[in-house]
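Step one of this worksheet: look at the structure below.
The values are calculated or read from the model by the stated rules, or taken from the named source; none is laboratory data. None of the values given here were measured: they were computed from a predicted structure. Note: ideal-geometry Cβ built from the backbone for every residue, glycine included; neighbour counts use all protein chains shown. We work out accessible area using only protein heavy atoms, side chains counted, and drop any ligands, DNA or RNA first. Shrake-Rupley method; radii C 1.70, N 1.55, O 1.52, S 1.80 Å.
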Amino acid sequence: MKFISKTLLALSLMLSATSLCRAEKVTVSTKGTSLVLEATKGEHLRIVYFGKALSDRDASLLTESGFRAYDAYPVYGHGNITMDALSVTLPDGSMALELVLDSYTRRDIHNPSNGYNAPEDAVLTTFVLKDKVHPVTVNVNYKAYKDVDMIETWTEILNGTKGTVTLRKFDSGYLPIRRGEVWASHFTGTWANEASLVEEELRPGTLKIENKDGVRNAQTSRAEIMFSLDGKPTENSGDVIGAALCYSGNYLLEVVTNDTDYHHFTAGINPDNSSYPLKKGETFTTPELALTFSSEGLSGASRNFHRWARAHKLAHGDKERKILLNSWEGVYFNINEPTMDKMMADIAMMGGELFVMDDGWFGVKYPRKTDNSSLGDWQVDENKLPHGIQWLVDAADSHKIKFGIWIEPEMTNSVSELYEKHPDWVINAPGREVSTGRGGTQLVLDLSNPAVQDFAFGIVDELMTKYPGIDYIKWDANMSIQSHGSNYLPKDEQSRLNIEYHRGFANVCDRIRAKYPDLTIQACASGGGRANYGVLPWFDEFWVSDNTDALQRIYMQWGTSYFFPSIAMASHISTVPNHTNMRVTPLKFRIDVAMSGRLGMELQPKDMSEAEIKFCQKAISEYKEVRPTIQFGDLYRLLSPYENKGLASLMYCDESKDRAVFFWWKTEHFYDQHLPRVKMAGLDPDRVYTVREIDKLSDVSLPFEGKSFTGKFLMENGLDIPSYPDNYMEKMRLQGYSSHVLVLEAR
Ligand code: DGJ
């Protein structure tokens, strides 16, 4: 293989794509990362390297250094038995493809802001691969961002044959990962226990991470994975590859470890029950797979994802989030005007900036009293709210806060006016009794149907047209596709349902955002069921979990933070006993955990004591002071709750390293417990930081309050944090859940 230098490469790109005629190495690069491919016309396109940025010289010598190359987009059927990213059945019934490089192009992309995502500057490299026998073309794309270490890959599969090509597996991308002691970090979970961390060494066999829910694709497993290349995962050192599939629907991530020296990683739409009939002339575009590399451990890979998210993949990622009160755990379905008004007054008094009215406000013929009716009937229930929505918007205004509202646009109930009118709009296997979900009556609307898409868009459009003062929408989704069948899709194309549902969802979201770019929208799906980069570009944040217990939240927020930034993680102070697991924790502990994300409240303030109200008022005002550091700062996870050391700790540092916020939460409680001292990270070793505790329980100060230490000392040693207060009984009562939040300011 002959290497061509950058200049030669640029020259060759200026020539026509067909001039490509000899062995070439093409590097796709970000500031810190290189992806090197062997791109020779008429041969397989191969990946030879993905990792820390290489010099031209080193990249040129990869083959000589013994590095092996693997097909960049492996296909099934001819010569490849390791694993495939694409498998098809051709019109003549044959199942073999062999893709070779025809040409490639490289171009700068400058996408202006769409009003809710920031502008984009990237370089797009597209390799055009063609089958040797049939007119099937696959474009393999790599988009390298200029401002963050992130490369997105996806493909376009073009059917140039005269018949239908059935896609049986159609991944977004593939990556070979050199064997050694490689560990995978990924997530499992369920409702109320989302993003539970799994760490395992990759062993021979296949690791499969998949989702088949149809709607909520992040509730159980998640479409993200990190690979620690230097042995057991560590937070702030070691080489790590991070990968996130940006897709709102069913997915499959696979790592095959066989008799080669590599692990073979693919990710894409889950092909199970979703084979896709690609018509003559049609192109299928796969969702993006985002890849990053960091030599600063798991936290380093997380920081790359967070920067990319805030800059490009999250609605309004550069705007501070408001502190809100959500009505759900406070009143559930018991909504009425005086209660809403009082809740608004209370959150305003505590310093909050937004009130969100959750489920229970709608339904005329079938008023929504509990979860067994009315979804789809988005008219206000005047028995509960006689003056309608505008009255609430005005009330919020009079309290000098904003107003938000809950909807669940993709769903209906068999007890609803919508279902009576449009029974054919629901997803259900033909000729079978409807399969219901929540409340025994919930049903999923068929978003593959354009009429249903119009309806879902219309829900938001009508609310926003009638009540332009609405500032925030909580978009919920509480059911899976559990009975496969669409009245809209042709009978012989029912296997498209899972994919068409998400095309419909994307269409609705695009339309909403085109018309309402400034609206804040939360993605909720029975909690954290939609924490995924395929969803986030339209949304500002997601509800991490319906479980608001502070202790369990430390674990869930820890896992969630691997890929998602704090600004997207809705984290609320709730009451005790906790409504999910009945645990009783001190208010300070609940605040200190909620403060590490996008702070909010999820309770009935009128049930709080005066002292509790004051305590929250103070915490909210302190949070506002440090909000930019928490919401935009770089995350350094320091001590994992999953290590079972009795403690969990993390910190956020401003990019300038002027200020940091350090969180310390005790996760276990034993007499004679010896907690480790936590070394900090991310500070400037040469600067001096003054320590100040916020959300203090009493006037008793920690020994280092107001004292100044070098960043070097704090990172090499850390501060020894005692459990307070000194009173023995009080100490025993509280120390089980003791916690501290320290602000470090550089002089
Ligand atoms: C599930 C959500 O996760 C909750 O926060 C709440 O909005 C309920 N749905 C309302 O039905």
Query raised in the report: Spin-label point model (7 Å from Cα, Cβ direction): what's the K208 to K132 distance in nm?
Result: 3.1 nm
Query raised in the report: What is the Cα centroid distance between segment 98-142 and segment 450-474, reported in whole angstrom?
Result: 35 Å
Report task. Report the percentage of all Cα-Cα pairs in segment 563-715 whose separation exceeds 28 Å, rounded to a whole percent. Result -> 22 percent
Query raised in the report: With each pseudo-label sitting 7 Å past Cα toward Cβ, what's the Y467-K421 distance in nm, one decimal?
Result: 1.9 nm
**Report entry** Solvent-accessible area per residue for the chain (1.4 angstrom probe, square angstrom)
**Finding:** 36 Å²
Query raised in the report: Add -39500 (n - 2.57) for each DSSP H run of 4 or more in the chain, then divide by its residues: what number comes out at 222 nm, to the nearest 500 deg cm²/dmol?
Result: -6000 deg cm²/dmol
**Report entry** Nearby lysines by direct alpha-carbon distance to K162 (threshold 20 angstrom, same-chain neighbours under 8 apart not counted)
**Finding:** K130, K132, K279, K280
Query raised in the report: If the chain between V434 and S656 were fully stretched, how many nm would it gain, using 0.36 nm times the residue separation less the Cα-Cα distance?
Result: 74.2 nm
**Report entry** For the chain, the Rg and Dmax computed from alpha carbons only, in angstrom
**Finding:** 26.7, 82
Query raised in the report: Given the convex hull of the Cα atoms of segment 638-746, what is a quarter of its surface area in nm²?
Result: 6.6 nm²
Report task. Please identify which residues in segment 333-374 have an amide N closer than 15 Å to a label point set 7 Å out from the Cα of H387, following the Cα→Cβ vector. Result -> 336-345
Query - R168-D454 FRET efficiency (beta carbon distance; Förster radius 35 Å; 0.05 resolution) - result: 0.60
Query - Cα shape, segment 11-313, gyration tensor, a/c 1.5 rule - result: rounded
Requested in this report: Using 0.36 nm per residue of separation minus the Cα-Cα distance, give me the extension gain between K279 and E199 in nm, one decimal.
Outcome: 24.6 nm
Report summary line: Note: segment 72-153 at 37 °C, 0.692 mPa s; Kirkwood Rh on alpha carbon pairs; Stokes-Einstein D in µm²/s works out to 222 µm²/s
Report summary line: FRET efficiency (N336, D686; Cβ distance; R0 60 Å; to 0.05) is 0.55
Query raised in the report: Simple spin-label model, 7 Å along Cα-to-Cβ: K712 to H78 in nm?
Result: 6.4 nm
**Report entry** Accessible surface of the chain [probe 1.4 Å, protein heavy atoms]: carbon and sulfur percent
**Finding:** 51 percent
Requested in this report: Calculate, in nm to one decimal, what M95 and D261 gain on full extension: separation in residues at 0.36 nm each, minus their alpha carbon distance.
Outcome: 57.0 nm
